[in-house]
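Comments concern the structure below.
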Amino acid sequence: MAVGSTLTLPAFASVSPTQNSVSVYNLSTNRVLGTNAELECATNFGGRLCQASDTVSWERMQTAIAPLLATNGYWVGGTDAVTEGIWLWPDGSAVADWPYIWATNRPTSSSARNCVRFRVDLDNGTDAHCSRFRSFYCCET
């Protein structure tokens, strides 16, 4: 059961040149399982978990919401649940192995860590157990 509220943030960029422009970014303080976060975005916001296909969009996501969150982190798009080690964004494009996306020594090769969370204290993404409850970051297009 999700409990919390929603913060609506001003739109600031398109997430990827191959996607539509993002009109609204929503940070839900509802805490849901990583496996349910994408469905929550679609159901509650008509969007999907945010993705960052380049450094500019990743930095804009960091800048917009990092001051609002504790170090527990929040779910963003990205999973390797289909094929271990092959990380994909919600639109099916590859999560590049760029240093801006992953924290040091991440992602691990653990088959139990299939979701991407952004950790404010690391200022990067980590692979995480999808069975944890966290807030999530949605993009409406």
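Just so you know, all these numbers are worked out from the coordinates, no wet-lab data involved. Model, not experiment: these values are computed from the prediction. Heads up, the Cβs are rebuilt from the backbone with ideal geometry, glycines too, and the neighbour counts pull from every protein chain shown.
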Sequence of Leu33, Leu39 once ranked by neighbouring C-beta atoms within 10 Å, starting from the fewest: Leu39, Leu33
In nm, spacing of pseudo-spin labels at Thr104 and Phe133 (7 Å Cα→C-beta vector): 3.3 nm
Two-site label geometry, Ile86 and Asn36: point separation in nm, points 7 Å out along Cα→Cβ: 2.9 nm
